[in-house]
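Undergrad: This structure is in structure tokens; I'll ask about it shortly.
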Amino acid sequence: MSILSSGEGGLVERQVSDKQVRAGKSGLNASSRHQHVELTVPSDTTYLSKVREAVIAVLGHGLFSPVKANLIALAIDEAVANIMEHAYTHEREGGGRKDIQIILDATPRRFEVLIRDHGMAFDPRGVPDVDVREHVKRGRKGGLGIFLMRRIMDEINYSFKQGVHNELQMIKYIDDAQQQTKSTVGHTDGS
């Protein structure tokens, strides 16, 4: 897996083995105040574990409690899985870009993830909040990804740039008291 990491000294591309990602050795310095990791994975659910490993490697530097870190990883996992399962459904047979770019950025104040894909546009504003009791009562198994992302993350912002990409930004503040803004969803035409 190729990981781009940066700290105070600039951007460096590194080839990182699966073993290094599992061990949290993606080139990040635990004492670094700013951690930045970029990875690109194919739109294939077999790569979800690689995404989780990279997220936990960044979050494992004491930014959040282990429980909160796992919840954040779950929110990111749901977002990426939704893209893998739905964004490219019309392109399964054909060519074209089917990769997903994930950018993880951690500072002393917040953790931010940007997820970019080139699949179908999807506006999460059209997805109503789920009544979990009713959802369980009806025996439904799926459909909780956006609900979980909204509950776990402090901000969720979406934009679609026509002909360029979809971009989902999710932010979790290190101290929940710092949350002062609402999530927004935007649409731009790429001009």
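Undergrad: What list of ³J(HN,Hα) couplings, whole Hz, do you get for the range 129-140 from phi and the Karplus terms 6.51, -1.76, 1.60, once you set θ to phi - 60° and write x for glycine and proline?
TA: These are the phi-based 3J(HN,Hα) values: 5, 8, 8, 4, 4, 5, 4, 5, 4, 7, x, 6 Hz.
Undergrad: Next question, about the same structure. Kindly write out, for the range 170-175 in residue order, the coupling ³J(HN,Hα) from the Karplus curve 6.51 cos²θ - 1.76 cosθ + 1.60 (θ = phi - 60°), rounded to whole Hz, with x marking Gly and Pro.
TA: Computed from phi, the couplings for the range 170-175 are 10, 10, 10, 7, 4, 10 Hz.
Undergrad: Here's a follow-up. How would S43, S49, S159 line up from fewest to most surrounding beta-carbon atoms within 10 angstrom?
TA: Listed from fewest to most nearby Cβ atoms, that is S49, S159, S43.
Undergrad: Also, I was wondering about something else. Given R₀ = 30 Å, FRET efficiency for T107-K137 by Cβ-Cβ distance, to 0.05?
TA: 0.10
Undergrad: Could you compute the net charge surrounding L148? Neighbours are other residues with a C-beta less than 12 Å from the C-beta of L148; K and R count +1, D and E count -1.
TA: Surrounding charge for L148 is -1.
Each reported figure results from applying straightforward, stated rules to the coordinates on display, with no laboratory input. Predicted model, so just to flag it, every value in this text is computed and none were measured. Note that we place each Cβ from the backbone using ideal geometry, even for glycine, and neighbour counts take in every protein chain shown.
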